[in-house]
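Colleague: Structure in structure tokens, see below.
Where a number appears in this text, it was derived from the coordinates with a stated rule and is not lab data. In this text the structure is predicted, and so the values were computed from the model without any measurement. Quick reminder, even Gly has a Cβ in these numbers, built from the backbone with ideal geometry, and neighbours come from all protein chains shown.
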4 protein chains.
Amino acid sequence: MKNQISIKEISKKLKDIFPQVADKYEIISLKSNYSEVKLLSNNKNLRPGNTISGPSMFELADLSFYIAIMASTDLGDKSVTTNVSINFMKKPLLSNLLAISQIKKIGKRLVVGDVQILSEDKKQTYAQALFTYSIPRN
Amino acid sequence: MKNQISIKEISKKLKDIFPQVADKYEIISLKSNYSEVKLLSNNKNLRPGNTISGPSMFELADLSFYIAIMASTDLGDKSVTTNVSINFMKKPLLSNLLAISQIKKIGKRLVVGDVQILSEDKKQTYAQALFTYSIPRN
Amino acid sequence: MKNQISIKEISKKLKDIFPQVADKYEIISLKSNYSEVKLLSNNKNLRPGNTISGPSMFELADLSFYIAIMASTDLGDKSVTTNVSINFMKKPLLSNLLAISQIKKIGKRLVVGDVQILSEDKKQTYAQALFTYSIPRN
Amino acid sequence: MKNQISIKEISKKLKDIFPQVADKYEIISLKSNYSEVKLLSNNKNLRPGNTISGPSMFELADLSFYIAIMASTDLGDKSVTTNVSINFMKKPLLSNLLAISQIKKIGKRLVVGDVQILSEDKKQTYAQALFTYSIPRN
């Protein structure tokens, strides 16, 4: 992990990079190759039946994985999503959601890992995803 | 294809079901097992470097596949996304995007197919996805 | 978990169902929604550079997930793979490999979960996959 | 496409690289970013109910995509599979299968595209996959 990077620093960076979305999310935990990010759900995330939409869960998963990369390598900011595979298991009712990202490999070009989308108490799994990001090579 | 369903009817349905998102999209073409849907991009879809975000492309692909299902089976409205695999190939600059969905199989429980995300003139491919939706069984 | 099903029983079943492949694999551990299966690698699994081929890892992952399903539901034998997404992270040299399968959801129609492909000592991850199986409905 | 490379040349190369598998497959068509490869099915590819196994279809798809890369870039031989997402739609009975690979992007590091697994007469789709290969960078 890059030495002193903290939740506070990355939260500030995100506000600069993604002003449209940053205040919908809160970083809960940050370690090397690992992040927990919370989606502060609101009506805009809903689908019929008051369930949270697939694209909202996708955005949460994607942001959480990006944050884990930023915390783990200096080139993280410039990394881009190249592949995502996501299984939706259960539709969450309107509630905050938690994404837990685990990086399994940081290679020269690719970062690979997985994301779980859980209820805030971590008792229910709503979705599970594999992510690949491409990182720039100097 | 269900007999008389038209772009107009489905557009109206979408407004009822997804009032938050329906006016960002326009159905361009609709056939049995096939749809073309346009994302009317705006600043909210952007990422740094003025590129359209992955989650915006995911939402476009998901909606376009859902529309193709609605046009192809009576149970389409109640179908839900179960799996998506998406490859992002190139970052689009701010511009309208086109999603072309092709359903390959409508089974008793699952609908399977693919989506291409293209530039409006269809000359550039930005992303490619496989979708599986689950449909309710009576 | 189905009550008394044991490694011995399932190993015997596999021999009946897949006589071509069963003796290349060994069930190491079996719990509800969980299996560990070992690939006894040999020259037939190789690619240039003496690495184990992607299709060999795919077969190991698929079989291991199937075994976890057989141990977890009575309808397991008749389940079929509907979707797999797999990330290959590192090429294993000729050696036995371990697949650890975890089922996250057993629904009425679909079983969803993930598989890790590891070195026998579990220190190295070679591949990671998401699986969806379809189970017959009575 | 690399200038003079022919089906004959690539078939010979495959025999050198994959002596275990090359005679199970036949290259039917080869163009820039495109291949058609036939699996000459036999009993070893079977599962209960006399259907062709998922891993056999995976191997066919993977080989067909690799052949399309070999025909399209000089670095193709050394490319390796990094991600595959595959949807199985229907179980084929014992019969030859055709894989049609289309490369959508050859980047500096990644090759991305899709594969269809069809019946020999192209009338039935059995599976559909997205592939990403990594190519070495000089």
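Colleague: Looking only at Cα atoms, what is the convex hull volume of segment D:71-110 per residue, in Å³?
Modeller: Each residue corresponds to 123 Å³ of Cα convex hull volume.
Colleague: Here's another thing I want to ask about it. Working from Cα positions, state the angle (0 to 90°, nearest 10) between the long axis of helix C:54-70 and the longest principal axis of chain C.
Modeller: 20
Colleague: Another one. Could you list the square roots of 5 times each eigenvalue of the Cα gyration tensor of segment B:7-134, that is, the equivalent ellipsoid semi-axes, sorted largest first and rounded to whole Å?
Modeller: Ellipsoid semi-axes (Å, largest first): 23, 16, 12.
Colleague: Oh, and also: Would you mind checking the tilt of helix B:7-17 against the longest principal axis of the Cα atoms of chain B, expressed as 0 to 90 degrees and rounded to 10?
Modeller: For B:7-17 against chain B, the angle is about 80 degrees.
Colleague: Which net charge results when you count Lys and Arg as +1 and Asp and Glu as -1 among the other residues whose beta-carbon is under 10 Å from that of B:Ser101?
Modeller: -3
Colleague: Counting C-alpha atoms alone, how compact is the protein assembly as shown: give Rg to one decimal and Dmax as a whole number, in angstrom.
Modeller: According to the Cα coordinates of the protein assembly as shown, Rg and Dmax are 22.6, 63 Å.
Colleague: Continuing with the same structure: What list do you get for A:Glu26, B:Glu36 if you sort them by fewest beta carbons within 10 Å?
Modeller: Lowest to highest Cβ neighbour count: A:Glu26, B:Glu36.
Colleague: Related question: Report Rg (one decimal) and Dmax (nearest whole number) for segment A:1-41, counting Cα atoms only, units Å.
Modeller: Every Cα atom of segment A:1-41 included, Rg and Dmax give 10.4, 32 Å.
Colleague: While we're looking at this one, here's another question. Excluding B:Leu39 itself, what net charge comes from residues whose Cβ is under 10 Å from its Cβ, given Lys and Arg +1 and Asp and Glu -1?
Modeller: The answer is -1.
Colleague: Tell me, rounded to the nearest percent, the portion of alpha carbon pairs in segment C:44-94 spaced more than 12 Å apart.
Modeller: 68
Colleague: In a Gaussian network model over chain B where Cα atoms closer than 10 Å are linked, find which of B:Ile69, B:Ile27, B:Ile117 has the largest mean-square fluctuation.
Modeller: B:Ile27
Colleague: Next up: Which of the lysines could a cross-linker bridge to B:Lys15, judged by Cα under 24 Å and excluding same-chain residues fewer than eight apart?
Modeller: A:Lys44, A:Lys91, B:Lys2, B:Lys24, B:Lys31, B:Lys38, B:Lys44, B:Lys78
Colleague: Closest approach to the A-C rotation axis by any Cβ of A: residue and distance in angstrom?
Modeller: Residue with the nearest Cβ, plus whole-Å distance, for chain A: A:Ser85, 2.
Colleague: Rounded to the nearest 500, what is chain B's calculated 222 nm mean residue ellipticity when only DSSP H runs of at least 4 contribute -39500 (n - 2.57) each, over all residues?
Modeller: Calculated mean residue ellipticity at 222 nm is -6500 deg cm²/dmol.
Colleague: Order these by the 10 Å Cβ neighbour count, fewest first: A:Val115, C:Val21.
Modeller: By the 10 Å Cβ count, ascending, the order reads C:Val21, A:Val115.
Colleague: To continue, here is another question. Taking chain C as a Gaussian network, Cα atoms linked when under 10 Å apart, which of C:Lys44, C:Lys104, C:Lys91 shows the biggest mean-square fluctuation?
Modeller: Looking only at C:Lys44, C:Lys104, C:Lys91, the largest GNM fluctuation is found for C:Lys44.
Colleague: To the nearest 0.05, what FRET efficiency results for A:Asp121 and D:Asn43 with a Förster distance of 45 Å applied to their C-beta separation?
Modeller: Taking R0 as 45 Å, the efficiency between A:Asp121 and D:Asn43 is 0.30.
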